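The values are calculated or read from the model by the stated rules, or taken from the named source; none is laboratory data. Worth saying up front: this structure is predicted, and the values here are computed from it rather than measured. No Cβ is skipped: glycine too gets one built from the backbone with ideal geometry, and neighbour counts run over all protein chains shown.
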Amino acid sequence: MVRDFAPRVLAWYDASARVLPWRIAPGSDAVPDPYRIWLAEVMLQQTTVAAVAGYFARFTECWPTVADLAAAEDADVMAAWAGLGYYARARNLLACARAVVAEHGGRFPESEAALRALPGIGDYTAASVAAIAFGRPAVVVDANIERVMARHRLIATPLPLAKREIRAALMPLVPQDRPGDFAQALMDLGATICTPRSPVCAICPLMADCRARGRPDIERLPVKPPKKAKPRRHGLAHWIVREERVWLVRRPGKGMLGGMRALPGGDWTDTRPTESGVAEVNHGFTHFDLTLKLVHRESHDAAAEGEWWPISDLDAAGLPTLYRKLIDKMLERDG
DNA sequence: CATACGTGGAA
DNA sequence: TTTCCAAGTAT
């Protein structure tokens, strides 16, 4: 049965592939654009298809080619990424586009190794671009494929240790003729049938030889390490207004919300400020929860760099969601 | 190997 | 409301 693993997966994909803006439909003779494949793959890192769609449309309209993106202003790209999260991706996106232009003549390299050496491209993205854009028989392993394989082969080793087994199990199954479709097929399968909860095994093309099929503990696969409790931190943000404009700063290039426009304010600490504010939000980050309070200030530090931004045009500032939530709350209150 | 790094939707 | 977690990468 294992011998026809890829044919079953590909036949299912031919009939059931999701239609996505960055995808070339199976059977189409269109030529994939490595720039669009790469852009989508970076946006999709730890991010849902639904969240990415609008950003992908705006980016490809503003910057149709990798050369256009490489020539863009940092501030414009960071603002366009605002709200999508994991902002190191946007910084690396620009660095990668510029490296492709400066070091590869404006064309993405085709080998997995050369792709892997570019900023923001790790094991997964290097393999997926090699397979999808260039038809290379790379072994693509993302969270969907980990789940499909851990269940099909009943791999109970906890992640991330299981990654090696999963990769070894998948490698001999990759078809030489359609590696890109194979990878996308397994990801679609994981996203729509072999889901984390309530998998729809009855319509799965792999059900005949899936070792986890029918087991009550199928939802526990793949086994993941226990999560740690998230601490809560507190911070202040300053609302400084002059002539219908608000004072915005840019956060340092590394760390939380690195490189993004923001409201000025102090460090985030583990003690709640006593000062009363005009608005407050709770915002959940990956490894801590933040309570951020908005307070009025008359002026900013004399030495501070920043810009007076029209309050009526805050949408264009490209503020991270944390600050948008806080400002929206205050404006809603004050009218 | 462990940790830092966003956000929004689903159950 | 809380918890989970989604096409991961860098350090």
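Hey, among the residues in region A:114-163 that are among the charged types (D, E, K, R), in a helix (DSSP H, G or I) and under 20 Å from A:Gln46 (Cβ atoms), which one's nearest to the chain's Cα centre (by Cα)?
A:Asp123
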Inset, instruction - Those residues that are of a type in the set (A, V, I, L, M, F, W, C) and part of a loop (DSSP other than H, G, I, E, B), I need them from region A:251-308; list them, please. - result: A:Met256, A:Leu257, A:Met260, A:Leu263, A:Trp268, A:Val278, A:Phe285, A:Phe288, A:Ala302, A:Ala303, A:Ala304
Inset, instruction - Kindly establish whether A:Arg18 is within 16 Å of DNA strand B (Cβ to nearest atom), surrounded by fewer than 17 Cβ atoms within 10 Å (Cβ to Cβ), charged (D, E, K, R) and not in a loop (DSSP other than H, G, I, E, B). - result: no
Inset, instruction - Would you be able to say whether some residue in region A:229-240 is within 16 Å of DNA strand B (Cβ to nearest atom), under 30 Å from A:Pro199 (Cβ atoms) and in a loop (DSSP other than H, G, I, E, B)? - result: yes
Legend entry - Check on A:Ala212, within 30 Å of A:Pro34 (Cα to Cα), modelled with pLDDT of 95 or more, in contact with a helix residue (DSSP H, G or I) (Cβ under 6 Å, 6 or more places away or on another chain) and surrounded by 14 or more Cβ atoms within 10 Å (Cβ to Cβ): no
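So that you can scan it fast, the table gives a plain yes or no per residue for (1) within 13 Å of DNA strand C (Cβ to nearest atom); (2) touching a residue at least 24 places away in the same chain (Cβ under 8 Å); (3) of a type in the set (Asp, Glu):
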{"position": "A:Arg23", "(1), (2), (3)": "yes, yes, no"}
{"position": "A:Ala30", "(1), (2), (3)": "no, no, no"}
{"position": "A:Asp33", "(1), (2), (3)": "no, yes, yes"}
{"position": "A:Leu39", "(1), (2), (3)": "yes, yes, no"}
{"position": "A:Gln45", "(1), (2), (3)": "yes, yes, no"}
{"position": "A:Thr48", "(1), (2), (3)": "yes, no, no"}
{"position": "A:Thr65", "(1), (2), (3)": "no, yes, no"}
{"position": "A:Ala80", "(1), (2), (3)": "no, yes, no"}
{"position": "A:Tyr86", "(1), (2), (3)": "yes, yes, no"}
Legend entry - Residue satisfying all of: in region A:86-107; in contact with a helix residue (DSSP H, G or I) (Cβ under 6 Å, 6 or more places away or on another chain) and at negative phi; farthest from DNA strand B (Cβ to nearest atom) among these: A:Val101
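Only one of A:Arg211, A:Arg232 is more than 21 Å from A:Asp123 (Cβ to Cβ) and without any contact (Cβ under 8 Å) to a residue 60 or more places away in the chain; which?
A:Arg232
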Inset, instruction - Select from region A:28-52 the residues that are of a type in the set (Gly, Ala, Ser) and surrounded by 10 or more Cβ atoms within 10 Å (Cβ to Cβ) and write down the one among them that is nearest to A:Thr321 (Cα to Cα). - result: A:Ala51
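Criterion first (more than 20 Å from A:Lys224 (Cα to Cα) and in contact (Cβ under 8 Å) with a residue 24 or more places away in the chain) does A:Ala131 satisfy it?
Spelling it out, A:Ala131 is indeed more than 20 Å from A:Lys224 (Cα to Cα) and in contact (Cβ under 8 Å) with a residue 24 or more places away in the chain.
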Inset, instruction - Could you check how many residues of region A:157-175 are near DNA strand B (Cβ under 10 Å from one of its atoms) and over 15 Å from A:Leu221 (Cβ atoms)? - result: 1
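Matching residues to (1) within 22 Å of A:Gly259 (Cβ to Cβ); (2) among the charged types (D, E, K, R); (3) surrounded by 22 or more Cβ atoms within 10 Å (Cβ to Cβ); (4) assigned by TED's automatic domain parsing to the domain that holds A:Pro32:
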| site | (1), (2), (3), (4) |
| --- | --- |
| A:Val77 | yes, no, no, yes |
| A:Tyr86 | yes, no, no, yes |
| A:Arg89 | yes, yes, no, yes |
| A:Ala95 | yes, no, no, yes |
| A:Arg98 | yes, yes, no, yes |
| A:Tyr124 | no, no, no, yes |
| A:Val129 | no, no, yes, yes |
| A:Val140 | no, no, yes, yes |
Legend entry - Residue that is surrounded by the most Cβ atoms within 10 Å (Cβ to Cβ), among those in region A:276-314 that are closer than 13 Å to A:Ala262 by Cα and modelled with pLDDT of 95 or more: A:Leu292
Inset, instruction - Can you confirm whether region A:51-69 contains a residue that is β-branched (Val, Ile, Thr), in the same structural domain as A:Val101 (by TED's automatic domain parsing), under 25 Å from A:Arg251 (Cα atoms) and over 14 Å from the mean Cα position of the chain (by Cα)? - result: no
Inset, instruction - Search region A:316-331 for residues that are assigned by TED's automatic domain parsing to the domain that holds A:Arg251 and in a loop (DSSP other than H, G, I, E, B) and pair each with any residue that is within 13 Å of DNA strand B (Cβ to nearest atom) and among the aromatic types (Phe, Trp, Tyr) when their beta-carbon atoms are under 8 Å apart and the residues are at least 6 apart or on different chains. - result: A:Gly318/A:Trp81; A:Pro320/A:Tyr87
Legend entry - Condition broken by A:Gly266, with the remaining ones in (1) farther than 23 Å from A:Glu307 by Cβ; (2) of a type outside the set (Phe, Trp, Tyr); (3) free of Cβ contacts under 8 Å to residues at least 40 places away in the same chain satisfied: (1)
Inset, instruction - Tell me which residues, restricted to region A:164-205, are in a helix (DSSP H, G or I), crowded, with 19+ Cβ neighbours inside 10 Å and within 14 Å of DNA strand C (Cβ to nearest atom). - result: A:Ile166, A:Gly180, A:Asp181, A:Phe182, A:Ala183, A:Gln184, A:Ala185, A:Leu186, A:Met187, A:Asp188, A:Leu189, A:Gly190
